[in-house]
Amino acid sequence: MGKKTYSRQTSLLHSHGYDAHTGAVSTPVYHATTFHQSNFDQFGAYDYSRSGNPTRETLEETIAELEGGVRGFAFSSGMAAISTSFLILSKGDHVLISEEVYGGTYRLITEVLNRFGIQYSFVDMRDLHEVARSIRPNTKVIYIETPSNPLLNITDIEGIVKLAKANDCYTFLDNTFMTPLLQRPLSLGIDVVLHSATKFLAGHSDVLAGLAVTGNELLAEKLAFLQNSFGAVLGPQDSWLLLRGLKTLHVRLKQSSESAYKISRFLETREEVEEVYYPGLSYHKGHEIHVRQAEGPGAVLSFRLKSEVEVRRLSKAVKIPVFAVSLGAVESILSYPAKMSHASMPQPERERRGITDGLLRLSVGLEDTNELIEDLKQGLNSIKIESIHDKIIHL
Ligand SMILES: *Cc1c(COP(=O)(O)O)cnc(C)c1O
């Protein structure tokens with residue numbers, strides 16, 4: 001493509017151009033782990049694939065461009081990206097983390113990093129006063145997820161960035177739920193954006209991957225060093241799958257978000273549903289902040305039924321969504337946070353965060369919207385039918 005800047009929709013398809021040697025439209029998969037050094041005294045662009053692989057590099061350049069950063073890094077999973085980024089910390093440093101952080105990140109902080117003398121505290125990131133009060137002299141990173149998982153709570157990104165800058169801390173943001181098409185945290189001052197690319201970016205429930213992007217040259221150098229030192233890099237085949245998934249990100253996200261909005265409107269009309277959590281609803285807490293800092297509500301919503309019994313009935317009755325962990329796929333995925341994403345969190349901690357036994361999360365895929373709604377409708381109807389049935393049996 002020429003010099004003109006194109007929309008992200010267009011540049012997603014053309015930014016990495018064609019293969020310089022063959023004109024191949026699809027990025028070649030370089031399986032080579034080592035590269036011939038034609039000059040005795042000097043390495044070429046690549047020497048060993050942990051330090052740099054041409055297929056992975058294309059992916060890393062693509063995500064850096066999408067997020068508007070200076071450099072991107074691809075890892076073997078979202079947790080590998082997150083864990084490696086945390087390695088910029090040293091013993092005695094403190095991290096301030098969003099209370100509603102992804103279960104795996106919670107486990108990393110509380111059961112792994114703590115053993116290396118890294119201190120932490122959890123805060124409600126929606127409350128900027130609480131965040132300000134919780135910053136310590138040794139706080140090095142403020143870690144946020146917005147919208148959060150699974151209650152889609154919204155954090156004011158610029159508010160946090162201001163506090164972090166005033167206190168000389170870095171900010172990390174897990175952008176998995178939004179993708180760079182809906183939210184560009186670096187442009188709001190965030191230092192490192194993280195992704196579980198396993199979700200929307202890859203999009204087809206067939207590749208496990210993680211990405212990190214920074215707009216800061218110094219951090220880029222540190223992350224490159226850590227990526228190579230820790231070694232949890234993404235393989236060339238998976239890098240290619242991810243590049244392929246990215247090409248349709250725009251249409252996938254558009255269709256899924258539109259469906260998610262319609263489904264959230266449907267769910268709010270049902271008496272079985274106590275609450276619906278979706279940033280696209282005008283009454284959703286933080287809606288106004290979200291609209292200011294993001295370009296859309298995304299394709300994940302949660303809703304609360306009265307009890308685990310009702311959750312069991314609904315999940316047994318629905319036919320279309322996969323009942324599974326994960327999100328961001330072409331197929332809709334219904335998850336039960338209490339026993340899935342947040343299973344590693346102690347129950348009192350979980351309930352205090354609102355992740356009760358009646359809560360379900362739905363990641364909306366590409367199925368026909370009306371068929372999804374019909375399916376949920378018969379699922380919700382079955383709650384009452386089964387409860388009448390139970391009463392008759394117990395008479
Ligand atoms: C899935 C997920 C992760 C972890 O990513 P993996 O690819 O499973 O290692 C981190 N953050 C969020 C928000 C996620 O949904």
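A short reminder: the numbers here are calculations on the coordinates, not readings from a lab. In this text, all values refer to a predicted model and were calculated from it rather than measured experimentally. Cβ atoms come from the backbone with ideal geometry, glycine included; neighbour counts cover every protein chain shown.
Classify the stretch 5-47 from the C-alpha gyration tensor, please: rounded if a/c falls under 1.5, else prolate or oblate depending on whether a/b exceeds b/c.
On the way: a/c = 3.15, a/b = 2.41, b/c = 1.31.
Since a/c reaches 1.5 and a/b is larger than b/c, the shape of the stretch 5-47 is classed as prolate.
Would you list, by chain and number, the aspartates and glutamates whose Cα falls below 16 Å from the Cα of Lys91, excluding same-chain residues fewer than 8 positions away?
Glu111
Would you mind telling me the antiparallel percentage of the DSSP bridges in the chain, rounded to 5?
Taking every DSSP beta bridge with both residues in the chain, the antiparallel ones total about 55 percent.
Which lysines have a Cα less than 24 Å from the Cα of Lys391, not counting those fewer than 8 places away in the same chain?
Within the straight-line limit of under 24 Å, Lys391 reaches these lysines: Lys306, Lys316, Lys377.
Rounded to two decimals, what is Rg over Rh for the chain when you use alpha-carbon atoms and the Kirkwood radius?
1.00
So, with +1 on the Cβ of K and R and -1 on the Cβ of D and E, and no other charges, what is the size of the charge dipole of the chain about its Cα centre, to the nearest 20 debye?
180 debye
What is the gain in length, in nm to one decimal, between Arg244 and Ser387 on full extension, counting 0.36 nm per residue of separation less the C-alpha to C-alpha distance? It would help to have the intermediate numbers written out before the result.
On the way: separation 143, 0.36 × 143 = 51.48 nm, distance 4.63 nm.
Contour length minus Cα-Cα distance gives 46.9 nm.
How big is the convex hull of the Cα atoms of the stretch 249-394, per residue, in Å³?
118 Å³
Just flag the chymotrypsin sites (Phe, Trp or Tyr not before Pro) in the stretch 1-101 sitting in loop per DSSP whose Cβ has no more than 14 other Cβ atoms within 10 Å.
Tyr6, Tyr18, Phe40, Phe43
List the lysines whose alpha-carbon lies under 24 Å from that of Lys4, not counting same-chain residues fewer than 8 positions away?
The qualifying lysines are Lys247.
Given points 7 Å out from each Cα along the Cα-Cβ axis, report the Ala132 to Ser315 separation in nanometres with one decimal.
Rounded to a tenth, the inter-label distance reads 4.2 nm.
So which trypsin sites (Lys or Arg not before Pro) in the stretch 285-328 are both in a DSSP loop and have at most 12 other Cβ atoms within 10 Å of their Cβ?
Here the trypsin sites (Lys or Arg not before Pro) that fit, given the DSSP loop and packing criteria, are Lys319.
When a footprinting reagent is the concern and you count Cβ atoms within 10 Å, what order do His14, His287 take, fewest first? Walk me through the numbers on the way to the answer.
Values: His14 12, His287 16.
Ascending number of Cβ neighbours within 10 Å: His14, His287.
Provide the gained length on full extension for the span Val25 to Glu258, in nm with one decimal, where the gain is 0.36 nm per separating residue minus the Cα-Cα distance. List each step's numbers first, then the result.
On the way: separation 233, 0.36 × 233 = 83.88 nm, distance 3.07 nm.
Stretched fully, the Val25-Glu258 segment lengthens by 80.8 nm.
How large is log10 of I(q)/I(0) for the stretch 143-209 at q = 0.13 Å⁻¹ when the intensity is taken from the Debye formula with one equal scatterer per alpha-carbon?
Log10 I(q)/I(0), no solvent term: -0.37.
Cut-off is 10 Å between beta-carbons; in what order do His290, His389 appear when sorted fewest neighbours first?
By the 10 Å Cβ count, ascending: His389, His290.
Using amide H atoms built 1.01 Å from N in the peptide plane, name the residues 5+ places from Phe323, or on other chains, whose amide H lies under 5 Å from its own.
For Phe323, the qualifying residues are Leu334.
For the chain, what does -39500 (n - 2.57) per DSSP helix run (n ≥ 4), summed and divided by total residues, give at 222 nm, in deg cm²/dmol to the nearest 500?
That calculation yields -11500 deg cm²/dmol at 222 nm.
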